[in-house]
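Peer 1: Quick one: this structure, given as structure tokens, is what I'll be asking you about.
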Amino acid sequence: MEVVGRFAPSPTGRMHAGNVFAALVAWLVAKAQGGRMVLRIEDLDAQRSKREYVDAVQRDFERLGLTWDEGPFFQHDREEAYRAAFDALAARGLVYPCFCTRADLHAASAPHRGEKPVYPGTCRGLSDEERARRVAAGRTPAQRLAVPDRDVALQDLVQGSYRQNLARECGDFLVRRSDGAFAYQLAVVVDDAEQGVNSVVRGVDLLCSTPQQMHLQDLLGLPHPVYTHVPLVVAERGRRLSKRDHDAALDALLERFKTPEGVIGHIAGITGLAASCDPATPEELLQDFDLAALPTTFPDLVQVRWE
Ligand code: GLU
């Protein structure tokens, strides 16, 4: 089967070194197997997504030699598909309204955290009357998926075996926000399946979301992609790089390393993807890239110091 990977940037800022690293590995993993790449712009969160970044992120990929073969696909065009999946879950009684406030603020964006708060199930047992009373009082609920007491296990290409109990370690999670937007977890599963993505490469901060996504795939009858969660590139003292961190933002990187090859080569060198930090194109790195060596390539499976 042909390998299909994806770049799935959220257009909420310019790329930083960590985004470049994850995208580079995604590209290498697909291309090393003769596969192709899909570009999907994850602009589900209308408040945080900005038009200027939609263009900028595509230029960034092009400049770096991180080519894609299909797309860009936009999540804002995919409402119907998300609705169909949501309706299928709701028709099976797997979804319930949640009136907890502020709970769903960021459900449309990917939750980049190591751990997640476990929803205690506050609204799961509300009676129909109570639900109707709250709606009549003007409250618009979010919608949660009721999860079973089930262990979901996976074999990650970098992180090895990973297992999570949905009830204890995750809890019922949001599939739709109270403003009507579908949540990241649902959208990403529907999109990966429809776009034929069978290789997901991303930062290790999303590893804890993977069992949720696999559970949704099972419920919706969709295949599981192969998962590869790469280390995060962190600033001093383990601080996360963020898109607001100008020191590792792409423009600053291009200034410091002079060329796109300089940026790619440096990131490949510090992460252990290449033996040196010499300038290189993704194509050049492909020649020595060994998928089988991937789990042991990185000096640390969880974080790499940016310097
Ligand atoms: N759009 C997410 C981000 O930019 C990535 C989600 C994913 O890879 O599943 O962080």
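The values are calculated or read from the model by the stated rules, or taken from the named source; none is laboratory data. Values in this document were obtained by computation on a predicted structure and should not be read as measured data. In this analysis, Cβ positions are derived from the backbone assuming ideal geometry, glycine residues included, and neighbour counts consider all displayed protein chains. Keep in mind that these areas ignore ligands, DNA and RNA; they rest on the heavy atoms of the full protein, side chains included. Shrake-Rupley method; radii C 1.70, N 1.55, O 1.52, S 1.80 Å.
Peer 1: Would you mind getting the accessible area per residue of the chain, heavy atoms of the protein chains only, 1.4 Å probe, in Å²?
Peer 2: 45
Peer 1: Here's another thing I want to ask about it. Can you run phi through the Karplus equation (6.51, -1.76, 1.60; θ = phi - 60°) for the range 195-206 and list ³J(HN,Hα) in whole Hz, with x for Gly and Pro?
Peer 2: Karplus-based 3J(HN,Hα) across the range 195-206 equals 8, x, 6, 10, 9, 10, 10, 7, x, 5, 5, 9 Hz.
Peer 1: Restricting things to alpha carbons, find the Rg to Rh ratio for the chain using the Kirkwood radius for Rh.
Peer 2: With Rg and the Kirkwood Rh in hand, the quotient comes to 0.98.
Peer 1: Give the relative contact order (percent, whole number) for the chain; include only Cα pairs under 8 Å separated by 6+ residues.
Peer 2: 22
Peer 1: Is the range 156-289 rounded, prolate or oblate when judged by the Cα gyration tensor, a ≥ b ≥ c being the square roots of its eigenvalues, rounded requiring a/c under 1.5 and prolate requiring a/b larger than b/c?
Peer 2: Prolate shape, in that a/c is at least 1.5 and a/b is the bigger ratio.
Peer 1: I want the local charge near L232. Using Cβ-Cβ distances under 11 Å, sum +1 for each Lys or Arg and -1 for each Asp or Glu among the other residues. Each step should come with its number before you reach the end.
Peer 2: Numbers: positive: R202, R239, R240, R305; negative: D205, D300.
Overall, the nearby charge balance is +2.
Peer 1: Hey, another quick one. Which far-off residues, 5 or more places away or on another chain, put their amide H under 5 Å from the one on D156, with H placed in the peptide plane?
Peer 2: Counting only residues 5 or more places away or on other chains, the set is S161, Y162.
Peer 1: May I ask you to list the residues of the range 163-202 whose amide nitrogen lies under 16 Å from a point 7 Å from Cα along the Cα→beta-carbon direction of A153?
Peer 2: Residues passing the 16 Å test: 163-166.
Peer 1: Can you give the Rg and Dmax of the range 35-156 based on its C-alpha atoms, in angstrom?
Peer 2: Considering the range 35-156 through its Cα atoms, Rg and Dmax are 18.7, 57 Å.
Peer 1: So if I place +1 on the C-beta of Lys and Arg and -1 on the C-beta of Asp and Glu, and nothing else carries charge, what would the dipole magnitude of the range 142-287 be about its Cα centre? I want it in debye, nearest 20.
Peer 2: 500
Peer 1: Calculate what fraction, in whole %, of the accessible area of the chain sits on carbon and sulfur atoms when a 1.4 Å probe is rolled over the protein chains.
Peer 2: 50
Peer 1: Next question, about the same structure. Pairing rule first: another cysteine's C-beta must sit under 4.7 Å. Under that rule, which cysteines of the chain stay single?
Peer 2: Singleton cysteines: C100, C170, C208, C277.
Peer 1: Sticking with this structure for a sec: Evaluate the charge dipole of the chain about its Cα centre and quote only its size in Debye, nearest 20, assuming +1 on the Cβ of each Lys and Arg and -1 on the Cβ of each Asp and Glu.
Peer 2: 1120
Peer 1: Now for a separate question. 222 nm [θ] for the chain, helices only, -39500 (n - 2.57) per DSSP H run of 4+, per residue, to 500?
Peer 2: Value at 222 nm, helices only, nearest 500: -10000 deg cm²/dmol.
Peer 1: Same structure again: Net charge near F257, counting Lys/Arg +1 and Asp/Glu -1 over other residues with Cβ under 12 Å of its Cβ?
Peer 2: -2
Peer 1: What range in the chain is the longest one free of trypsin sites (Lys or Arg not before Pro) that are in a loop by DSSP and have at most 15 other Cβ atoms within 10 angstrom? Don't skip to the answer; put the middle values down first.
Peer 2: On the way: sites that count: R48, K50, R92, R102, R113, R124, R139, R150, R239, R244, K258.
Longest site-free region, per DSSP loop and neighbour criteria: 151-238.
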